[in-house]
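Undergrad: One structure follows; several queries about it will come next.
The values are calculated or read from the model by the stated rules, or taken from the named source; none is laboratory data. Keep in mind it's a predicted model, so treat the numbers as computed, not measured. Note that each Cβ is placed from the backbone with ideal geometry, even for glycine, and that neighbours are counted across all protein chains shown. The accessibility values were calculated without ligands, DNA or RNA, using every heavy atom of the protein model including side chains. Shrake-Rupley method; radii C 1.70, N 1.55, O 1.52, S 1.80 Å.
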Amino acid sequence: MQKNFLFDLDGTLLPMDLPKFIELYLHAICQKFAHKAQLEPKRLVNGIWEGAAAMGKNDGETLNREVFWRAMNDVCGKDMRLFEDEFDEFYRAEFTAAKAATRENPCAAKTVALLRERGCRLIVATNPIFPQSATYTRLRWAGLEPNDFDYITVYDNCSSSKPNLNYYYDICAVCGIKPEDSIMVGNDVDEDMCAAKLGFDTYLITDCLINRSEKDINRWKHGSFEDFYRLVVSCQ
C-alpha cells in the first residue's frame, strides 16, 4: 500500500466530456468578458489558448500564473490582468455553466475518504493551468472539498505543467515525498503515466481515457475508478 496518492482531477476524480466542457467553458467566459474587455470573442479565446500553451512550455523560472497573463496580454493587446479578480469571481459563479459536461463519480469520494482514514497523504495533481478558484470549484463538482487533500496544484503554486517531469519533481519537493512511496492516478496516458519515469507507481483510469497516440495501455495497471476503489479496499 502506497503512502502518497496523487490524483488527476479532470476525467479522473471528476468524469467529464472534455470537448463539451471546453465548449461550455469558453462560451461562458466570452459572455462574461468579451464585451467588458472590448474584445472580439475569438481574440479572447485565442488569448486563453495561448496562455495555456505558454504554461505548457514553462521552464520553471516563474509561476504559471505569470506566464499565463503575459501571454494573454500579448494576444489581447491590453492588460487583461486588470480583470484577474473578476476572473476569479467567474470561476466561483458563472463557471457552473460548464458543470453540465461533468458528472460525479461516488467512487472518487469513497476512495478519498478511505485513504484519509488510513492516514495516506492525498494530493490533487491536476494540470496547473487554472487558478485556485477554478480548481476548487471543479473539486466540489466531484463531491469533494479542498480540505480533503494535503496539497493541490494550481497555476498559483506551480512553475511547470504536465507532462514535464519537473512538475512531479516539484510536488515531491514541496510535499516531502518520494516517488517510490507514491502512486499517480490519472486518465491521461501522456500526462499522468509519465510519472512512472521517476519511479512512481501508476494507475490509469479508463472511464474518460485520453490516449492521443493510441499506446498499448497494458504496460500500466488500469481500469475504471470503481476498479481502483476495489483495489484500494483490498489493500490493507
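Undergrad: Of all residues in region 42-74, count the ones that are in a helix (DSSP H, G or I), open to solvent by 60 Å² or more (accessible area, probe 1.4 Å) and either at pLDDT below 95 or within 18 Å of Y25 (Cβ to Cβ) (or both).
TA: Residues meeting the conditions: 5.
Undergrad: Can you name the residue in region 152-171 that is touching a strand residue (DSSP E or B) at 6+ places or on another chain (Cβ under 8 Å) and under 20 Å from D88 (Cβ atoms) and, of all such residues, is most open to solvent (accessible area, probe 1.4 Å)?
TA: Among them, the one singled out is I152.
Undergrad: Of the residues that sit in region 3-18 and are open to solvent by 20 Å² or more (accessible area, probe 1.4 Å), out of contact with any Phe, Trp or Tyr (no Cβ under 9 Å at 6 or more places or on another chain) and not hydrophobic (A, V, I, L, M, F, W, C), which one is nearest to I205 (Cα to Cα)?
TA: That would be D17.
Undergrad: Another question, if that's okay. Out of N157, N166, report the one residue that is over 29 Å from A28 (Cβ atoms) and of a type outside the set (A, V, I, L, M).
TA: N166
Undergrad: Which of the residues that make up region 25-37 are without any contact (Cβ under 8 Å) to a residue 40 or more places away in the chain and surrounded by fewer than 17 Cβ atoms within 10 Å (Cβ to Cβ)?
TA: Within region 25-37, L26, A34, H35 qualify.
Undergrad: Kindly indicate which of V232, V174, V154 is in a helix (DSSP H, G or I) and either out of contact with any Leu (no Cβ under 7 Å at 6 or more places or on another chain) or of a type in the set (G, A, S) (or both).
TA: Step by step, each of V232, V174, V154 is checked, and only V174 is in a helix (DSSP H, G or I) and either out of contact with any Leu (no Cβ under 7 Å at 6 or more places or on another chain) or of a type in the set (G, A, S) (or both).
Undergrad: When the residues of region 85-120 are filtered to those that are closer than 16 Å to L44 by Cα and out of contact with any helix residue (DSSP H, G or I) (no Cβ under 7 Å at 6 or more places or on another chain), which remaining residue is least open to solvent (accessible area, probe 1.4 Å)?
TA: So the residue we want is F87.
Undergrad: Out of the residues in region 142-151 that are assigned to a loop (DSSP other than H, G, I, E, B) and either touching an Asp or Glu at 6+ places or on another chain (Cβ under 7 Å) or in contact (Cβ under 8 Å) with a residue 24 or more places away in the chain (or both), state the one that is most open to solvent (accessible area, probe 1.4 Å). First the steps, then the outcome.
TA: First, pick out the residues of region 142-151 that are assigned to a loop (DSSP other than H, G, I, E, B): 142-145, 149-150.
Retained after the next criterion (residues that are either touching an Asp or Glu at 6+ places or on another chain (Cβ under 7 Å) or in contact (Cβ under 8 Å) with a residue 24 or more places away in the chain (or both)): 142-144, 149-150.
Working: A142: 0, G143: 40, L144: 6, F149: 18, D150: 96 Å².
Step by step, filter region 142-151, then rank; the result is D150.
Undergrad: Pairs please, first residue from region 208-221 and within 12 Å of D190 (Cβ to Cβ) and of a type in the set (A, V, I, L, M), second anywhere and at pLDDT 95 or above and outside any loop (DSSP other than H, G, I, E, B), Cβ atoms under 7 Å, 6+ apart in sequence or on different chains.
TA: Every condition considered, the pairs that remain are I210/D188; I217/L204.
Undergrad: Considering V174, V185, which residue is at pLDDT 95 or above, open to solvent by less than 10 Å² (accessible area, probe 1.4 Å) and not basic (K, R)?
TA: V185
Undergrad: Another one. With respect to D201, is the statement that it is out of contact with any strand residue (DSSP E or B) (no Cβ under 7 Å at 6 or more places or on another chain), modelled with pLDDT of 95 or more and either closer than 23 Å to R118 by Cβ or not hydrophobic (A, V, I, L, M, F, W, C) (or both) true?
TA: So D201 fails the test.
Undergrad: Among the aromatic types (F, W, Y), crowded, with 21+ Cβ neighbours inside 10 Å and within 14 Å of the chain's Cα centre (by Cα), is that true of F21?
TA: Here the answer is no, as F21 does not meet what is asked.
Undergrad: Sticking with this one: Got at least one residue in region 122-141 being surrounded by fewer than 16 Cβ atoms within 10 Å (Cβ to Cβ) and in a loop (DSSP other than H, G, I, E, B)?
TA: No, there is no match, as no residue in region 122-141 is surrounded by fewer than 16 Cβ atoms within 10 Å (Cβ to Cβ) and in a loop (DSSP other than H, G, I, E, B).
Undergrad: Okay, moving on. Could you give me the residue pairs with C-beta distances under 6 Å whose first residue belongs to region 80-93 and is touching a residue at least 24 places away in the same chain (Cβ under 8 Å) and over 11 Å from S133 (Cα atoms), whose second residue is in a helix (DSSP H, G or I) and open to solvent by 30 Å² or more (accessible area, probe 1.4 Å) wherever it lies, and which are 6+ apart or on separate chains?
TA: M80/N73
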